[in-house]
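Have a look at the structure below, then the notes.
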Amino acid sequence: MYSVFIVKNIRELTCSLALICTLTLSMAEDQDIMEDFLKREYSLVTPYRGLGLSSSSLWDLKGTALVTADHVRLTPDHPGRQGAIWSRIPLLLLDWELKVHFKIHGQSKKMNGDGLAIWLTKERMQEGPVFGSRNEFTGLGVFVDTYPNTGNKNDRVFPHVSVMLGNGTLSYDHDNDGRPTELGGCSTKVRNAREDTFLLIKYTQNRLKVIIDVNGQQKNCLDISGLHLPKGYYLGASAATGELSDNHDIISMKLYELTVKRDPEEDLLIPWVDHSLGPFQVEIEEERMSGVQLFFTLLFTVLGLGILAVAGLIVFGRWKQKKRKHFY
Ligand SMILES: [Ca+2]
């Protein structure tokens, strides 16, 4: 790629060298990831000219979502609102990182709700009960839940980030804050944060990582391998308020393509455009029998065969006796 840089003068040469240095450093940080590029067609960045309005817009707005100069407000700090923003272009990349700059803030100190969700799903632009979007979704949902619906359960502190994969029939249990279906998560003080709040969602080589960044402090929320995320799903963000409310703002959603070293055979196995768009798969290793299980299985099999053989011999003996009596 460096061949595209036409170095006209010393200044440009310095810039090019700086860029190469930056890339080299990032390569040293993660040997598998060679480079990353911001993909504007999947990203939401300022200035949001014509966002959701013009035919050339890359994003659609839904519900109460409102565009201002420096953020998209999904819901205002008023009760009973739902808003969303959805990409018009299906995501066709193999390895990527999504950096979501968001802000959740409101007047109330403690009485607030409900939170926001970041989506990569087959469905788009459908309102519903999961932070303003439909339930029984197909794909990935990352939730920033700011209201404890379960009230007295004290297994976690809110706000809480959780991750779920939906297959189109699996239901998010709002009354239990999604506990039955979550893959993992973490608690984080993202509401009314002093500085910036980011969600980093990284998917590379069937591994999903979710990191939360508050006031410059990063926290690993989820790291799970063996996930297959189909291509062709849509990025989105939605939020909802109930009786309690908050401002839920999206400042930017930046999608980076990650260039990962793969062997050529692997690339042949995974076509660049996947038209099948099958459901999400979690590869789980088949359970193997332990030594004790194998011993008892063999023991009961031998005992069972022995009992059958004895029963067979008795039946055969009686049949033979009857036959003799018949001849006499
Ligand atoms: Ca909740």
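Throughout, read-outs are computed from the coordinates displayed, never taken from laboratory work. Just so it is clear, the model here is predicted, and its values are computed rather than measured.
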query: What are the ³J(HN,Hα) values, in whole Hz, obtained from phi via the Karplus relation 6.51 cos²θ - 1.76 cosθ + 1.60 with θ = phi - 60°, for each residue of the range 191-196 in sequence order, with x given for Gly and Pro?
result: 7, 6, 5, 5, 10, 7
message: Over the Cα atoms, compute the radius of gyration (one decimal) and Dmax (the largest Cα-Cα distance, rounded to a whole number) for the range 136-246, in Å.
response: 14.3, 42
statement: Relative contact order of the range 186-238 (C-alpha contacts under 8 Å, at least 6 apart) in percent is 28
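Tell me, in nm to one decimal, what length is gained between GLU127 and ARG318 on full extension, where the rule is 0.36 nm per residue of separation less the Cα-Cα distance?
Value of the extension gain: 61.2 nm.
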- prompt: Going down the list LYS103/LYS209; LYS39/LYS254; LYS39/LYS202; LYS122/LYS231; LYS209/LYS254; LYS202/LYS254, which pairs span over 18 Å between their C-alpha atoms?
  reply: LYS103/LYS209
- request: Starting from the amide H of GLU136, placed 1.01 Å from N in the peptide plane, find each other amide H under 5 Å away whose residue is 5 or more places distant or on another chain.
  value: TYR172
message: Explain nothing, just the number: relative contact order of the range 75-223, from Cα pairs under 8 Å at least 6 residues apart, as a whole percent.
response: 23
